[in-house]
Structure formats: C-alpha cells, structure tokens
Amino acid sequence: KENYKTRSVFTWGHPINDYRGYIENMARLKLNQLIIWNDFIPVNAKEVMDYAHSFGISVIWGYAWGWGVDCTAVDLDKLHELTEQVIAKYEDEYKDCGADGLYFQSFSELKDAYIGDKLIAEVVVDFVNKTADRLLSKFPNLYIQFGLHASSVKDHMDFIAKTDPRVEIMWEDCGTFPYNNEPIVHSEKDFQDAIAFTDQMLNLREK
C-alpha cells in the first residue's frame, strides 16, 4: 500500500469544463493528487483547491520552466534569466494561493540527447538544481515535481542522478507502456526495453 500512497493524474487546465465533476470522478477512482497545467493561474484557483481538499485530493499547479513544443524557445546560454522568470512567476501567481505543490517541465522533450552542442541531461539538471535551490531557499516547504521527458536523457542517467533530492522526478516519455499511452502496437523488444529502463530508473535515487 505504501507504494501507491500517491495516486495522481495530470491534465491541462483548459479541458476541465466542470471541475466539481472532475474532482468527484477522481474521488470515485480513489485518486488523491491532481496536477493541473496552465499558462496562467486560474482566477478560481482557490475555489478549485478547496473543493479538491474536501475530497482529500491535493492540487499541484504546473507551469513551464523553459518547456516548448520544439524546445528551441530557450536560449541555453541565458538560463540564469529563465531562473529569474520562473521565480517571479511563482511569487506573482502561486505563492499566496495555498497550492499543495508545484509541477514543471523543462527543455527535455526531445528524442535527441543534445540541443545544438549542449547535452540536455547535464544542462537541465544544472538549471533545475539552481532554480529549485533558489525557490527552496525562500520557500523551504515547497513541494516540487520535475516532469522529465526521459527519451532525451535515458542514456545519460549519471547526470539525472544529480538532481536535487528535494525535487521529485516524474518520469515521462520513454518507450512503450507505461511511458507511452498512445494506442499503437509495440514490439516485445520495446516492452522489454521499457522494463529495463524502469529498473534503471528505480535504482537511480534513494526515493
């Protein structure tokens, strides 16, 4: 039971037309953590959180730390500026809303291991650690989840192991089920590769 203490679902905010019905369905399914991604915090954020809390469901708000569809919007030579933007967004929009945590994705959603001549695994961990440390120095009780697209870093796990232990890694996008939920047929080798990667991932950090 301890392994399944947190039963989570991720969604973009814009498809939730009836947050009460959405949260009630989560409760029926015995889900207890809701991650909602938005470009900007919803005007009724507190209302949504209060309703979720009444069902024992925590709410984690998500926004981008340099995430983009093609991951080219980030100038990797100016990541210190991105850190300041991330912190400003948290302080301006999320700090006072009573969120149960913060979720983010960064610039790892590529199949290739590099952006130009930069190794994604190395650069993203350095950026995440510096940004998280700045946030946690100001807000030491902040719960942070890192949505890591593993396809770009799976061959460089030695760098991922250096992720700040205060930051929880949410593994995404690495091979077949459960990382890929598209209704396509995968080979037996794909499935075995996913199992092998999962074993490697589970042994990467203490938690």
**Prompt:** What percentage of the solvent-accessible surface of the stretch 93-200, computed with a 1.4 Å probe over protein heavy atoms, is contributed by carbon and sulfur atoms?
**Reply:** 51
**Request:** Compute the Rg to Rh ratio over the chain from the alpha carbon atoms, using the Kirkwood formula for Rh, and round to two decimal places.
**Result:** 0.96
**Alpha carbon centroid spacing (whole Å) that separates the stretch 34-87 from the stretch 112-135** = 18
**Prompt:** For labels at residue 133 and residue 38 in the simple 7 Å Cα→Cβ model, what's the distance in nm?
**Reply:** 3.2
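If you roll a 1.4 Å probe over the heavy atoms of the protein chains, what accessible area per residue do you get for the chain, in Å²? Numbers along the way, then the final one.
Values: 12050 Å² over 207 residues.
With all protein chains present, the chain gives 58 Å² per residue.
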**Request:** Calculate the radius of gyration of the Cα atoms of the stretch 124-207 to one decimal place, then report Dmax, the largest Cα-Cα distance, as a whole number, both in Å.
**Result:** 14.6, 48
**Prompt:** Relative contact order, percent, of the stretch 88-207 when contacts are C-alpha pairs under 8 Å separated by at least 6 residues?
**Reply:** 24
**Item:** Potential extension, residue 157-residue 7 segment - 0.36 nm per residue separation minus Cα distance
**Value:** 51.4 nm
**Prompt:** How large, in percent, is the carbon and sulfur part of the accessible surface of the stretch 11-66 at a probe radius of 1.4 Å?
**Reply:** 56
**Prompt:** Over the C-alpha atoms of the stretch 65-119, what are the Rg and the largest Cα-to-Cα span, Dmax, in Å?
**Reply:** 13.3, 40
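Dipole of the stretch 1-99, Cα-centred, from +1 at each Lys and Arg C-beta and -1 at each Asp and Glu C-beta, to the nearest 20 debye?
Details: 10 positive and 15 negative charges, 159 e Å.
The calculated dipole for the stretch 1-99 is roughly 760 debye.
In units of 2.2 N^0.38 Å, what is the alpha-carbon radius of gyration of the stretch 75-152? Mind dumping the intermediate values first?
Values: Rg = 13.3 Å, N = 78, 2.2 N^0.38 = 11.5 Å.
Ratio of Cα Rg to 2.2 N^0.38 Å: 1.15.
Treat the stretch 1-81 as a sphere of radius equal to its Kirkwood radius over Cα pairs and apply Stokes-Einstein at 10 °C in a medium of 1.306 mPa s; give the translational diffusion coefficient in µm²/s, rounded to a whole number.
Details: Rh = 14.3 Å.
Value of D from the Cα-based Kirkwood radius: 111 µm²/s.
The values are calculated or read from the model by the stated rules, or taken from the named source; none is laboratory data. Since we're looking at a predicted model, the values are computed, not measured. Neighbour counts are summed over all protein chains in view; Cβ atoms, including those assigned to glycine, are modelled from backbone coordinates with ideal geometry. Keep in mind that these areas ignore ligands, DNA and RNA; they rest on the heavy atoms of the full protein, side chains included. Shrake-Rupley method; radii C 1.70, N 1.55, O 1.52, S 1.80 Å.
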